[in-house]
Structures are given as C-alpha cells and as structure tokens.
1. Could you please find all residues in segment 1-13 being out of contact with any strand residue (DSSP E or B) (no Cβ under 6 Å at 6 or more places or on another chain) and in a loop (DSSP other than H, G, I, E, B)?
2. Here's a check for you: in segment 99-117, which residue that is open to solvent by less than 70 Å² (accessible area, probe 1.4 Å) and assigned to a loop (DSSP other than H, G, I, E, B) is farthest from Gln3 (Cα to Cα)?
3. Quick check, is Ala40 in contact with a Lys or Arg (Cβ under 6 Å, 6 or more places away or on another chain), hydrophobic (A, V, I, L, M, F, W, C) and over 22 Å from Val2 (Cα atoms)?
4. Name every residue in segment 6-22 that is buried (at least 18 other Cβ atoms within 10 Å of the Cβ) and of a type in the set (A, V, I, L, M, F, W, C), in order of residue number.
5. Of all strands (runs of 3 or more DSSP E) completely enclosed by segment 23-98, which ones contain at least 2 residues that are more than 11 Å from the chain's Cα centre (by Cα) and buried (at least 17 other Cβ atoms within 10 Å of the Cβ)?
Amino acid sequence: QVQLVESGGGLVQPGGSLRLSCAASRSIESIYDMGWYRQAPGKERELVAGVTSSGDTNYLDSVNGRFTISTDSVKNTVYLQMNSLKPEDTAVYYCKAKHRLLGLNYWGQGTQVTVSS
C-alpha cells in the first residue's frame, strides 16, 4: 500500500506555470506506474500525463508540449510541470499510483488548479 499527497496547486493567470508534486509514502521505483489525472466540475476524470515504472510517458493531446511529468526516485515524488496554462486547465488534479503486478490503484486527495485572470 502507498499513500499519496499532492501539493502545488493554486491560482495562476493564463500563460502562467505551476508545478504539482505528489509525494509517496514509500518507494515507487520499479513498482508503480504513476499518473496525473484531473477532474473539472461536471466532467469525468481524465488522464493528463502518465509515466510507467520503466520511464515511458504519455500525455493528453491538449497538454502535450505544455506539461511534463517526471519522477524523483530519491524523494519518492512525481511532478507535473505545467506551462502555458489555459483556463480550460482548471480542475482538481489527482495523483494515482498503480501497482504493476497487483493492479491496485491508489489515489491522492487532489489539489485545485485554477487558471483565471
């Protein structure tokens, strides 16, 4: 089992940047595939960016080129660097860890990102 705590959300103007952090309670290296999801009011939760335990990444088309997911195995932390933010990026952002072998999913509590002038 792993606990996840997100941080770094907030209010930012269009065109600005934020970096989200997801701190895991244990090592995630080689064990968990990690992902950042978001959910806007009235919409379904969607995958924004993911990174496998082998380092492969994937992105939602609308954020590709603006967002970057990365991991720090020493700090057991996953980051989401978000640049050129748009109002449509406004949502609660969640971190998820999926155990590679067991298929179990663990979620953080979420962090609010609001892009507005």
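The values are calculated or read from the model by the stated rules, or taken from the named source; none is laboratory data. None of these values were measured; they are calculated from a predicted model. Positions of Cβ are backbone-derived with ideal geometry, glycine not excepted, and every protein chain shown enters the neighbour counts. In case anyone asks, the SASA skips ligands and DNA or RNA and just uses the protein heavy atoms, side chains included. Shrake-Rupley method; radii C 1.70, N 1.55, O 1.52, S 1.80 Å.
1. Filtering segment 1-13 for residues out of contact with any strand residue (DSSP E or B) (no Cβ under 6 Å at 6 or more places or on another chain) gives 1, 3, 10, 13.
Selection gives Gln1, Gln3, Gln13.
2. As a first pass, look at segment 99-117 and keep what is open to solvent by less than 70 Å² (accessible area, probe 1.4 Å): 99, 103, 106, 108, 110-111, 113-116.
Imposing the further condition that a residue be assigned to a loop (DSSP other than H, G, I, E, B) reduces the set to 103, 108, 110, 116.
Details: Gly103: 16, Gly108: 7, Gly110: 12, Ser116: 31 Å.
Checking each candidate, the answer is Ser116.
3. Values: in contact with a Lys or Arg (Cβ under 6 Å, 6 or more places away or on another chain): no; hydrophobic (A, V, I, L, M, F, W, C): yes; over 22 Å from Val2 (Cα atoms): yes.
No: the conditions fail for Ala40.
4. Val12, Leu18, Leu20, Cys22
5. Of the strands (runs of 3 or more DSSP E) lying wholly inside segment 23-98, those with at least 2 residues that are more than 11 Å from the chain's Cα centre (by Cα) and buried (at least 17 other Cβ atoms within 10 Å of the Cβ) span 32-39.
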